[in-house]
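**Q** Mind having a look at this structure? Questions to follow.
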Amino acid sequence: AEQVKRAENAGAQWLHIDVMDGHFVPNMTFAMPVIKSLRKYTDMFFDVHLMIDKPERYIDEFINAGADGVTFHIEATDKPKAAISINPKTPVSAIEKYLDKVDMVLVMSVEPGYGGQKYIESVNEKIAYIREKMGSDFDIEVDGGINANNIDNAINAGANIIVAGTAVFNDDIE
Ligand code: ZN
């Protein structure tokens, strides 16, 4: 922490963190606990470089530990995919300039945070807009409040990946 603070005070804006797993490369270095503990000491951008096998298994954990950016190796995975998500109240124009850089958009159909909320129907317009613009090969995932009654609306709007929590795991489908 002291050394990181010294780099920050000297003007560094990013901290490049090399993560090695002993498989993809022979060495082993930091993992989540180190990143998590350093996160408390600095607001620097944590640029996490994953030199690990099948990095898709751990992306969420690195983000939760405090990574701001995650870089993975094309040699370490056979199904790389990048996705961006958008909240119900955010206009689609906010992600427009990133659309050709990602493989999927995750359209939130409830405010993120907890399960059991009601599907916000106005997101269907957002889904339709993205489908129209990106064509049929693009993935559009919709997450929040999907059940047997409204799944058709999301599909008809253009979503091709559906997340269902409450409708699947609670036994009260209306
Ligand atoms: Zn590196």
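**Q** So is Ala76 away from the ligand (no atom under 16 Å from the Cβ) and among the hydrophobic types (A, V, I, L, M, F, W, C) or not?
**A** Criteria not met by Ala76.
**Q** If the Cβ limit is 9 Å and pairs must be 6+ apart or interchain, which residue in the range 8-25 that is without any contact (Cβ under 8 Å) to a residue 60 or more places away in the chain pairs with which residue that is more than 16 Å from the ligand (Cβ to nearest atom) and polar (S, T, N, Q)?
**A** Glu8/Thr42; Leu15/Thr42
**Q** The conditions are (1) among the hydroxyl-bearing types (Ser, Thr, Tyr); (2) within 27 Å of Val34 (Cβ to Cβ); (3) within 16 Å of the chain's Cα centre (by Cα), and Ser109 fails exactly one of them. Which is it?
**A** Result: Ser109 passes all but (2).
**Q** Note down all Cβ pairs under 7 Å where the first residue falls in the range 30-54 and is open to solvent by 50 Å² or more (accessible area, probe 1.4 Å), the second is part of a strand (DSSP E or B) and among the charged types (D, E, K, R), and they're at least six residues apart or on different chains.
**A** Taking only residues 6 or more apart or on different chains, the pairs are Asp53/Asp21.
**Q** Are any residues in the range 35-52 within 16 Å of the ligand (Cβ to nearest atom) and assigned to a loop (DSSP other than H, G, I, E, B), and if so, which ones?
**A** Met44, Ile52
**Q** Limited to the range 1-29, what total is found for residues that are assigned to a helix (DSSP H, G or I) and either open to solvent by 60 Å² or more (accessible area, probe 1.4 Å) or under 30 Å from Lys79 (Cβ atoms) (or both)?
**A** The qualifying residues number 5.
**Q** Restricting the search to the range 12-34, which residues are near the ligand (Cβ under 10 Å from one of its atoms) and not acidic (Asp, Glu)?
**A** Of everything in the range 12-34, those that are near the ligand (Cβ under 10 Å from one of its atoms) and not acidic (Asp, Glu) turn out to be His16, Ile17, Val19, Met20, Thr29.
The values are calculated or read from the model by the stated rules, or taken from the named source; none is laboratory data. Worth saying up front: this structure is predicted, and the values here are computed from it rather than measured. We place every Cβ from the backbone using ideal geometry, glycine too, and count neighbours over all the protein chains shown. These area figures cover heavy atoms from the full protein model, side chains too; ligands, DNA and RNA do not enter into them. Shrake-Rupley method; radii C 1.70, N 1.55, O 1.52, S 1.80 Å.
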